[in-house]
1. Just reorder Trp300, Trp331 by solvent-accessible area, largest first, 1.4 Å probe, all chains present.
2. Please turn the phi angles of region 307-313 into ³J(HN,Hα) values with the Karplus equation 6.51 cos²θ - 1.76 cosθ + 1.60 (θ = phi - 60°), one per residue in order, whole Hz, x for glycine and proline.
3. Between Rg and the Kirkwood Rh of region 236-305, both from Cα atoms, what is the Rg to Rh ratio?
4. Would you pull out the residues with amide H under 5 Å of Leu288's amide H, same chain only if 5 or more places away, H placed 1.01 Å from N?
5. At 0.692 mPa s and 37 °C, plugging the Kirkwood radius over alpha-carbon pairs of region 227-349 into Stokes-Einstein gives what diffusion coefficient in µm²/s?
6. Can you pull the accessible area of Lys177 for me, 1.4 Å probe, Å² to the nearest 10?
7. For region 206-250, go through all pairs of different Cα atoms, get the mean of 1/r, take its inverse, and jot down that Kirkwood value in Å.
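The values are calculated or read from the model by the stated rules, or taken from the named source; none is laboratory data. Here the structure is a predicted model, which means the values were calculated and not measured. Side chains included, ligands, DNA and RNA excluded: accessible areas come from the protein's heavy atoms. Shrake-Rupley method; radii C 1.70, N 1.55, O 1.52, S 1.80 Å.
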Amino acid sequence: MNGIILFIGLLLILWLGRSILIPLLVATFLWYLINAIATYFRKLFPFNSDEKRKTKPIVATIFDWTSNILAVFVMCVLMYFFVTQIQPMFRELVAALPGLQHRIIEFSHYVSQSIGLNFDVNMLPNVANIAANIGSSIAGIVTSTGMILIYMIFMFIEQSTFDKKFSALFPNKTKYKKVRYIIDSIDDNMKKYLFMKTLLSGITGILSYFWLQMIGVEFAGIWAFIVFITSYIPTIGAIVACGLPILYSLVTAPSLHQPILTAIGLITLQVVFGNILEPKFTGKTLNLSTLAILINLVFWGVIWGIAGMFFSVPLLVAIFIITAQFDSTRWIAILLSADGKIPAKNEDE
C-alpha cells in the first residue's frame, strides 16, 4: 500500500511540476549534449589520456577549454541555422495548412469514389489542430528559454565542483564508490547515446533534405528538421518522420511518382540509420526491450506530452542502469533488458 501511495505521489509531482521539470530536463539534455560533443573533440587533441594529462596539466586544461568552446560553437551554429532557415519555413507551412486540409479532403473523396466506399470526412485528421497542439507544446518550451539558459549556465559553473559535492555527500568510502560507479555509468552511457544519436539523426536529416529537395518536395527543410527531431522518439518518431512528408507529397503532387520516391527515400534512410547503424553504435547502451521502450514512451507522453516522448529513452536508460546496481531492483533491469543481460554490478560493498 505504501508503495502505491508513493507511486501516485510521484506521478502527481511529475504532473504538477512539469513547468519546472521540463525546462530543467531540456537544460540537462543540452548540457549533456555539449559535454558529449566536447568529449569527442577532446579525443582529437593530444594529452587525452590520464597519464599524459598528469605530465602537462596546464596544456591539458587548455585543450579541455578549447573542446568546450568548440562544442558550444557547434550548438550555437545549429541554433542559428534553425532561427534563420527552419523557422521561416515553419511560418510558410502554417500559412499553407488550410489549403492542405482542403486538398486532403479532396483526396479522400477521390479515393472513396475510386474504391466505391462512402468515407466520412469528419474522420480525417485536422491538420491545423494537430499543428496547433504541437506548436503549443513547442511554444511552452521556447517560452522557457530564459529558464533553460539559467539552468545551463549554473550547470557549467558548478560542473567542476560535482566531485567535491559527491565526496561530501558520501563520506563513507563504500557508499561513495557505489554512487560514483552508478553516476559514472549513467554519464558514460548517456554521453555516448546522445552524441551518437544526435550525429546519426543529423546525418539522416541532412540526407533526407537533399533527397526531398532533389525530387521537388515543398518545405524540404521542415521535413528534414522533423526527421532529425523525431529520431529521438522511438518507433513513433520514425512513423511521423516518414508519414508527414509522404502524406504531404501524396495530396499535393500531380501524380504518384513523387510520393513513391518520397516513401522509398525516407523509409530506406530510416531502415539504414535507425535499424542498422544505430543499434551497431549504441547497442551496448540500449540493450532495452522494445516493449519496455513503447510502454515508457506512452507513460512519459501522458505525463509530459511531446517533451516526455522526446526524453523517454534517456530516462529509461538511467532507470535501467540504476536498477541494475541493487539486488532488490535487478529484476526490474532484467525485465527492461532486451535479452536478460544487464549492466555489471559494482561489487565494492
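1. Details: Trp300 20, Trp331 150 Å².
Order by accessible area, largest first: Trp331, Trp300.
2. 4, x, 5, 4, 9, 4, 5
3. Ratio of gyration radius to Kirkwood radius: 1.10.
4. Sorted by chain and number, the residues that satisfy this are Ala338.
5. D = 202 µm²/s.
6. 110 Å²
7. 10.3 Å
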